[in-house]
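The values are calculated or read from the model by the stated rules, or taken from the named source; none is laboratory data. For clarity, every value in this text was computed on a predicted model and none was experimentally measured. Note that we place each Cβ from the backbone using ideal geometry, even for glycine, and neighbour counts take in every protein chain shown. Heavy atoms of the whole protein, side chains included, go into the accessibility calculation; ligands, DNA and RNA do not. Shrake-Rupley method; radii C 1.70, N 1.55, O 1.52, S 1.80 Å.
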Amino acid sequence: AALAAASETERDAWDPVGSHDASAGPFGASGATRLGLRLLDHRRIAEGRRRAYAALHAAAPRTAAVRPLLGPLPPGACPAYLPMWTRDADRLCAALVAAGVEPVRFWRRAHPAVDLAAFPAMAELRRNVVRLPVHRGVGPEEIARIAAACRAAFP
């Protein structure tokens with residue numbers, strides 16, 4: 001909840017990769033984590049994500065201001081999120097946060113070694129794509145709330 005209320009600048013300050021210290025020793029999943037991963041029903045998790053993606057994709061607005069970036073999922077895909085294209089990502093994110101949804105800007109920070117001027121399509125994605133959640137906690141009520149917030153952002 002605190003992360004959802006944070007500004008883009010505050011979210012950018014939290015960078016788990018940037019704070020990784022490889023000199024601290026070997027890294028890997030703990031025994032408890034490895035056991036937990038073996039006990040998960042991966043098929044059920046993927047099916048739930050696919051169901052949430054399909055429902056949100058169907059409910060999402062399709063206007064000049066906001067629309068799903070991609071079409072329906074191909075067979076076997078397990079989505080991490082539903083990417084939405086918008087003409088104003090800040091406005092869409094503000095509407096989603098106000099509705100209690102934690103959006104994520106697609107690729108918020110460009111790598112300093114990459115000159116996006118050479119890749120205008122990637123620069124546009126970076127500016128205009130917002131990732132919407134499709135995890136197992138996203139059910140019919142959440143889908144309706146997310147879709148309504150997307151519509152409300154651009155009346």
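List of remarks:
- Farthest toward positive dipole pole in the range 33-112 [+1 Lys/Arg, -1 Asp/Glu at C-beta], among Val66, Leu35, Met84: Leu35
- Packing-based ranking, highest mean first, of 96-107, 31-42 given that Cβ atoms within 10 Å are counted: 96-107, 31-42
- Linear extension gain, Arg38 paired with Ala77, 0.36 nm per residue minus alpha-carbon span: 12.0 nm
- Expressed as a whole percent, the accessible surface of the range 29-155 that belongs to carbon and sulfur atoms is 59, based on a 1.4 Å probe.
- Probing with 1.4 Å while keeping every protein chain in the model, the per residue accessible area of the range 72-155 equals 56 Å².
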